[in-house]
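Presented below is the structure to which this report refers.
The values are calculated or read from the model by the stated rules, or taken from the named source; none is laboratory data. Here the structure is a predicted model, which is why all the values come from computation and not from measurement. Note that we place each Cβ from the backbone using ideal geometry, even for glycine, and neighbour counts take in every protein chain shown. Only protein heavy atoms, including side chains, enter the accessible area calculation; ligands, DNA and RNA are left aside. Shrake-Rupley method; radii C 1.70, N 1.55, O 1.52, S 1.80 Å.
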Amino acid sequence: MIKSITINAKEWFDKVNGNSYFAGTIQVNDKVYLMPFENGYGSAYEQEAKNLLTEFNVISCEYGQNLRRYCLDNDIEYGAFIKTNCKKRDLKEIESNYNNQLINQ
């Protein structure tokens with residue numbers, strides 16, 4: 001039974017090409033999933049979190065239902081946090097740290 005879903009992401013804006021990118025982790029209860037480096041801005045990280053959790057059969061959203069609404073409808077504590085103005089290496093570090101945790105388990 002899912003009690004909480006928390007998304008922690010970082011965003012980097014590539015000034016040269018004018019694109020935004022994000023990376024982060026999704027914590028579902030005590031399990032952590034990686035949201036790899038990907039382009040997108042605004043709340044794209046929340047949509048990607050929903051897509052990943054659906055792909056891994058963690059949740060089953062109705063068509064058009066966003067993650068926040070899914071959590072509200074299913075009495076799940078929800079938090080989505082993004083830190084902006086990060087450096088590209090900060091985003092790449094998320095994936096590196098995640099992989100290191102897997103190796104050390």
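Does anyone have the angle between helix 44-55 and the longest principal axis of the chain? Alpha-carbon axes, 0 to 90°, nearest 10?
Orientation of helix 44-55: about 50 degrees from the principal axis.
Can you give the accessible area per residue of the chain, in Å², using a 1.4 Å probe?
Accessible surface, normalised per residue, equals 67 Å².
Pairs of alpha-carbon atoms within less than 8 angstrom and 6+ residues apart define the contacts here; what relative contact order does the chain have, in percent?
The value is 36 percent.
Give the shape of the chain as rounded, prolate or oblate, defined through the alpha-carbon gyration tensor: a ≥ b ≥ c are the square roots of its eigenvalues, a/c under 1.5 means rounded, and otherwise the shape is prolate if a/b is larger than b/c and oblate if not.
Here the chain falls in the oblate category.
HN-Hα J couplings of segment 27-35 from phi, Karplus 6.51/-1.76/1.60, θ = phi - 60°, integer Hz, Gly and Pro as x?
9, 10, 6, 9, 9, 10, 10, 8, 9
Can you figure out the FRET efficiency of Asp90 with Lys31, using R₀ = 22 Å and their beta-carbon distance, to the nearest 0.05?
Result of the calculation: an efficiency of 0.40.
I need the phi-derived Karplus couplings for segment 80-89: 6.51 cos²θ - 1.76 cosθ + 1.60, θ = phi - 60°, integer Hz, Gly and Pro marked x.
Result, ordered by residue: 9, 10, 9, 9, 8, 6, 8, 9, 4, 5 Hz.
Which of the lysines could a cross-linker bridge to Lys15, judged by Cα under 22 Å and excluding same-chain residues fewer than eight apart?
Leaving aside lysines fewer than 8 places away in the same chain, those within reach of Lys15 are Lys83, Lys87, Lys88, Lys92.
In whole percent, and with a 1.4 Å probe on the protein chains, what portion of the accessible area of the chain is carbon and sulfur?
44 percent
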